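Got a structure for you, written out below as structure tokens; questions coming shortly.
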Amino acid sequence: MTMLKINGTDRQFPAGMPQTLTELLEQLGINQATVVAEIDGKIVERQSFAQTRLSSGQAVELVRFVGGG
Amino acid sequence: MDKLVIAGREFDCRLLVGTGKFASCELMAEAIEFSGTEIVTVALRRVDIENENDDILSAIDRSRYLLLPNTSGARDADEAIRLARLARAATGIEWLKLEVTPDPYYLLPDPVETLRAAEILVKDGFVVLPYINADPILAKRLEDVGTATVMPLASPIGSNQGLQTRAALEIIIEQANVPVVVDAGLGLPSHAADAMEMGADAVLVNTAIATAADPAQMAKAFKLAVEAGRIAFKSGPRAVGKTASASSPLTGFLRD
């Protein structure tokens, strides 16, 4: 089984893992222009999303800006 | 009005505005417009995977407003540093409102962790604006490690209590060599004017504007109050007296 931990929650990909961060965001329906990402605690720059390959068991954090004081 | 200078950058407006708690992005955008602000704070949170996410950045014109990401939610220095680096990766800018608030009830900032994080972030090239309790010694220590401002609280975040820390704020303002931004707890424009009359360089307001029945008009009221307070401070206010001091001449009365 292929699995990623996304924002703290395990997520299975029975039909096959997204190959790259860009593909993952597309599958999740998230606009990549609004997101910052970390994989296993390491920041991934937005311009490298398309080249960043994913492998099962990785922890992915997807973060965005919200209103705050 | 004289310019506010933070880390070598000039600003005409001395009101910083937070973007939390607005009922909609439209109301927020209108309020920041009316506030005249040039610096708006934002927070970083996890994307909600299951639901639609509002894109707050699309409602903020970054050619007009400097985005000041905060590290809210951080409980220690390490969490704050992680958020800081994510924010920098997202915006490409290094300005940061550093806040480390381990206690969710009063949201008071942790001075030890804030100082520790500030030291690391300054060395890492960040322009650090730390949110602190109104502690004059801590303010000096932060200035010594190179923070761009100090941002002492007036009262707990979102409490609308106004200047509960007045005496300590006066000492911080007197001693600081970096701009003092009074942050948190300002509930009314008069609180903001009061802080500015004391000599604060700027104030940061969020809750009082965002939760007002008419946020845009309240933003305008804060703008005017901040301007009035600054102009009054620069005009040299006179000391409080114990007795009356007649404004009209005490001579030439129509009596014998």
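The values are calculated or read from the model by the stated rules, or taken from the named source; none is laboratory data. Every value quoted in this text rests on a predicted model; they were computed, and no experiment measured them. Reconstructed Cβ throughout: ideal geometry from the backbone, glycine too, with neighbour counts over all protein chains shown. What goes into the accessible areas is simple: the full protein's heavy atoms, side chains included, and nothing from ligands, DNA or RNA. Shrake-Rupley method; radii C 1.70, N 1.55, O 1.52, S 1.80 Å.
Taking the 0 to 90 degree range and rounding to the nearest ten, how far is the long axis of helix B:166-175 tilted relative to the main principal axis of chain B, both from C-alpha atoms?
80 degrees
Hey, can you find the accessible area per residue of chain B for me, probe 1.4 Å, expressed in square angstrom?
It amounts to 47 Å² per residue over chain B.
Counting DSSP beta bridges in the protein assembly as shown, what percent are antiparallel, to the nearest 5?
Antiparallel bridges: around 45 percent, rounded to the nearest 5.
Another question about this same structure. ³J(HN,Hα) across region B:199-216 via Karplus (A = 6.51, B = -1.76, C = 1.60, θ = phi - 60°), whole Hz, x for Gly/Pro?
x, 4, 7, 6, 9, 10, 10, 10, 3, 4, 7, 5, 9, 5, 4, 10, x, 5
Tell me the label-point distance for the pair residue A:2, residue B:108, using the 7 Å Cα-to-Cβ offset, in nm and rounded to one decimal.
5.1 nm
Using a simple spin-label model with points 7 Å from Cα along the Cα→Cβ vector, what separation in nm is obtained for residue B:123 and residue B:58?
4.1 nm
Okay, next question. Please report how far the C-alpha centroid of region B:217-256 lies from that of region A:1-68, rounded to the nearest whole angstrom.
Here the two parts' Cα centres lie 59 Å apart.
I would also like to ask the following. Determine the relative contact order of chain B: mean sequence separation of Cα pairs under 8 Å and six or more apart, normalised by residue count, in whole percent.
Here the relative contact order equals 19 percent.
What is the local net charge at residue B:111, summed over the other residues whose Cβ is closer than 9 Å to its Cβ (Lys, Arg +1; Asp, Glu -1)?
Residues close to residue B:111 contribute a combined charge of -2.
Ok, one more. Based on the mean of other Cβ atoms within 10 Å per residue, sort peptides B:137-149, B:121-133, B:166-178 so the most packed one is first.
Per-residue Cβ counts within 10 Å, averaged per peptide and sorted highest first, yield B:121-133, B:137-149, B:166-178.
Using only the alpha-carbon atoms, what does the protein assembly as shown span along each of its principal axes? Please give whole angstrom values in decreasing order.
106, 39, 35
For the residue pair residue B:89 and residue B:50, what label-to-label distance in nm results when each label sits 7 Å from Cα along the Cα-to-beta-carbon direction?
Label-label distance for residue B:89 and residue B:50, simple model: 2.6 nm.
Something else about it: At a threshold of 8 angstrom on Cα-Cα distance, excluding pairs fewer than six apart, so keeping six or more, what relative contact order does region A:3-63 reach in percent?
Contact order relative to length: 47 percent.
Hey, what angle do you get for helix B:77-91 against the long axis of chain B, alpha-carbon based, 0 to 90 degrees rounded to 10?
Helix B:77-91 sits at roughly 80 degrees to that axis.
Give the accessible surface of region A:3-63 per residue, rounded to a whole number of Å², with probe radius 1.4 Å and ligands, DNA and RNA excluded.
Normalised by residue count, the accessible surface of region A:3-63 is 51 Å².
Any idea what the relative contact order of region B:1-52 is, in percent, if you count C-alpha pairs under 8 Å spaced at least 6 apart?
34 percent
Need one value for B:45-52: mean number of C-beta atoms belonging to other chains within 10 Å of its residues' C-beta atoms.
Per residue, the average neighbour count from other chains is 6.
Report the A-B buried area as the accessible area lost on both sides summed, probe 1.4 Å, in Å² to the nearest 100.
Buried: approximately 2200 Å² between B and A.
Okay, next question. State the volume of the convex hull built on the alpha-carbon positions of chain B, expressed per residue in Å³ and rounded to an integer.
Output value, Cα hull per residue: 155 Å³.
Oh, and also: Which residues does the label zone of residue B:65 cover in region B:205-225, counting backbone N under 16 Å from a point 7 Å along Cα→Cβ?
Only B:205-212, B:215-223 fall inside the zone, counting backbone N under 16 Å.
Nearest 5 percent is fine: what portion of the DSSP beta bridges confined to chain B is antiparallel?
So the antiparallel bridges amount to about 10 percent of the total.
Hey, what number do you get for chain B at 222 nm if only DSSP H runs of n ≥ 4 count, each worth -39500 (n - 2.57), divided across all residues, to the nearest 500?
-11000 deg cm²/dmol
On to the next question. Separation of region B:36-81 and region B:113-143 by C-alpha centroid, Å?
Each part reduced to its Cα centre gives a spacing of 20 Å.
Turning to a different aspect of this structure: Quick one: net charge around residue B:6, please, counting Lys, Arg +1 and Asp, Glu -1 for every other residue with C-beta under 14 Å from its C-beta.
After counting each charged neighbour, the total is -4.
Let me check I've understood the local charge: for residue B:20, count other residues with C-beta under 14 angstrom from its C-beta, Lys and Arg +1, Asp and Glu -1. What total comes out?
Once positives and negatives cancel, what remains is 0.
Residue by residue through region B:176-184, what is 3J(HN,Hα) from phi via Karplus (6.51 cos²θ - 1.76 cosθ + 1.60, θ = phi - 60°)? Round to whole Hz and write x for glycine and proline.
Each residue's phi maps through the Karplus curve to give 6, 10, 10, x, 9, 10, 7, 10, 6 Hz.
Averaged across the residues of B:180-187, what count of C-beta atoms belonging to other chains lies within 10 Å of each residue's C-beta?
Going residue by residue through B:180-187 and averaging, the value is 0.
Now, a different point. If one takes the longest principal axis of the Cα atoms in chain B, at what angle in degrees, from 0 to 90 and to the nearest 10, does the Cα axis of helix B:111-123 lie?
Roughly 70 degrees, rounded to the nearest 10.
So which residues in region A:3-36 end up with at least 20 square angstrom less accessible surface once the other protein chains are there, compared with the chain by itself, probe 1.4 angstrom?
A:7, A:11, A:28, A:30, A:34, A:36
Using the Kirkwood radius over C-alpha pairs as Rh, can you work out the diffusion coefficient of region B:1-42 via Stokes-Einstein at 4 °C, viscosity 1.567 mPa s, in µm² per second?
This corresponds to a translational diffusion coefficient of 116 µm²/s.
Could the peptides A:49-56, B:204-211 be put in order, highest first, of the mean number of other beta-carbon atoms found within 10 Å of their residues?
B:204-211, A:49-56
Of all accessible surface on chain B at a 1.4 Å probe, what whole percent is carbon and sulfur?
Whole-percent figure for carbon plus sulfur exposure: 50.
Can you figure out the FRET efficiency of residue B:145 with residue B:190, using R₀ = 35 Å and their beta-carbon distance, to the nearest 0.05?
0.55
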